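Taking it in order: structure first as structure tokens, then the write-up.
The values are calculated or read from the model by the stated rules, or taken from the named source; none is laboratory data. Please read these numbers as outputs of a predicted model, since none were measured by experiment. Here the Cβ is made from the backbone with ideal geometry for all residues, glycine too, and neighbour counts use every protein chain on show. Surface accessibility is based on the protein's heavy atoms, side chains included, excluding ligands, DNA and RNA. Shrake-Rupley method; radii C 1.70, N 1.55, O 1.52, S 1.80 Å.
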Amino acid sequence: WYQARSTTREQPLQWLDLMAGCGIRGLRWGLEAASASPLPAQILVNDADGDRRPLLEHNLRPVAAATCSSVSAERLLCEAQLEGRRFDLIDLDAFGHPGALIQPALQALGTDGILVLASTDGRSPTGHDRPGAIRSFGAAARVHPASWELALRQQLGLLARQAWLLGRGIQPLLSFSDGRTFRLAIRLTRQLQFGEESQLGLLARCGTCGAQQRQPLLQLRNWSACHCPSEQGRWAISGPLWLGPLQQVDLLEALMASPLPVAPATRRLLQRLQADPGGLGCVWSTAELARRCGSGPPPLRRLVAALRAEGYQAWPSGVMAGQVRTDADLPELLQVCSTLRLEGPLMDPSTT
Ligand SMILES: C[S@@+](CC[C@H](N)C(=O)[O-])C[C@H]1O[C@@H](n2cnc3c(N)ncnc32)[C@H](O)[C@@H]1O
């Protein structure tokens, strides 16, 4: 809808649902785009499973500009490459991790094309299958309280490196997860934005004191000491992963303001993501802060307000509930939590 509404092109947009299942997405795109632009997007709806073809054809009947195919994604992308065909939107929704298809999908995207990616591999990017993370992401993945966010950042880091190989850049549009599926949308830009390489880096967390630090690979140096007594800290380092923003806030605002019907749960998700651009500082679980403070979890909104009042930047994480994103370091965070505790009872589940 967003792309159909904002395009200035005089030719129809080209959209590809690469692994379409029953074709529900292509159907939705077609219906939504029809209300956004007088020039209907051409939609190719594909699934390798030929047995699904009659269902696909049936479901896509209301979208005149849709065609269906039943070839493997690998072959379809290879043929697009040979024919010089480019898509403005590709949806890649494989079972597991879409790894090997990322590069050909990026190559089949036009400039400013959008790649929508889903991965159901939750184990390797969250540190529960470290050899798997090396294989799938070329990255170290360690267990972390903000595990969903780290998984999304691992995926974005991989996408950035794959796009950079082509001389292109990436701009994350939205990133979210329910803990089982990790979903991203990025725009493939004509070239890298200035300093984009600085968005790839490492994230360290001390398993003992909980301190966190992040470093771009470009400025990599020794890690400073954590807050443990001398020699007792233990950094667990994840990455390379994407350190930059997770969302494009103005796109989320446009989606929120769209006249399209949006389910209440989706609207709540958009609101959460819109309130957290996801680009700065580290993410802390309020449960962990509470444990370290010896108190109940600080109510998230009060914690964010208190951090801002102290001059820090702070947002409730849009990715995982009960987590705060801030540039405050751990001692300051714990200090603010302790002050909140003195001001009144911390347990307030309605505001966490
Ligand atoms: C996770 S489902 C897609 C669900 C769909 N996007 C939806 O929202 O309902 C993955 C689909 O990919 C198809 N598939 C698996 N491997 C494929 C391949 N190599 N090329 C194309 N389709 C493939 C499967 O038949 C399956 O329907």
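Table for the structure above
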{"item": "Within the stretch 214-224, considering residues that are under 22 Å from the mean Cα position of the chain (by Cα) and free of Cβ contacts under 8 Å to residues at least 40 places away in the same chain, the one most open to solvent (accessible area, probe 1.4 Å)", "result": "Leu217"}
{"item": "Test: residue in the stretch 271-286 that is open to solvent by 10 Å² or more (accessible area, probe 1.4 Å), touching a helix residue (DSSP H, G or I) at 6+ places or on another chain (Cβ under 7 Å) and basic (Lys, Arg)", "result": "no"}
{"item": "Of all residues making up the stretch 27-59, the number that are open to solvent by 80 Å² or more (accessible area, probe 1.4 Å) and either touching a residue at least 40 places away in the same chain (Cβ under 8 Å) or within 27 Å of the chain's Cα centre (by Cα) (or both)", "result": "4"}
{"item": "Identity of the residue in the stretch 307-338, in contact with a Phe, Trp or Tyr (Cβ under 8 Å, 6 or more places away or on another chain), closer than 19 Å to Arg153 by Cα and not basic (Lys, Arg), that ends up most open to solvent (accessible area, probe 1.4 Å)", "result": "Asp327"}
{"item": "Hits in the stretch 73-89 (condition: away from the ligand (no atom under 12 Å from the Cβ), in a helix (DSSP H, G or I) and closer than 12 Å to Leu18 by Cβ)", "result": "Ala80"}
{"item": "Whichever residue in the stretch 129-165 is open to solvent by 10 Å² or more (accessible area, probe 1.4 Å) and in contact with a helix residue (DSSP H, G or I) (Cβ under 6 Å, 6 or more places away or on another chain) and, among such residues, is nearest to Gly318 (Cα to Cα)", "result": "Pro145"}
{"item": "Among residues of the stretch 243-282, those that are β-branched (Val, Ile, Thr) and either assigned by TED's automatic domain parsing to the domain that holds Ser37 or farther than 25 Å from Ala160 by Cα (or both), counted", "result": "2"}
{"item": "The stretch 111-140: number of residues that are under 16 Å from Asp93 (Cα atoms) and either in a loop (DSSP other than H, G, I, E, B) or among the aromatic types (Phe, Trp, Tyr) (or both)", "result": "3"}
{"item": "Scan of the stretch 299-313 for residues that are closer than 11 Å to Leu333 by Cα and part of a loop (DSSP other than H, G, I, E, B), ordered by number", "result": "Glu310, Tyr312"}
{"item": "Those residues of the stretch 181-201 which are in a strand (DSSP E or B) and out of contact with any helix residue (DSSP H, G or I) (no Cβ under 7 Å at 6 or more places or on another chain), in sequence order", "result": "Arg183, Ala185, Arg187, Thr189"}
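For (1) assigned to a helix (DSSP H, G or I); (2) touching a Leu at 6+ places or on another chain (Cβ under 6 Å), each residue gets a yes or a no:
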| position | (1), (2) |
| --- | --- |
| Ala254 | yes, no |
| Arg267 | yes, no |
| Leu270 | yes, yes |
| Leu273 | yes, yes |
| Glu288 | yes, no |
| Arg291 | yes, no |
| Gly296 | no, yes |
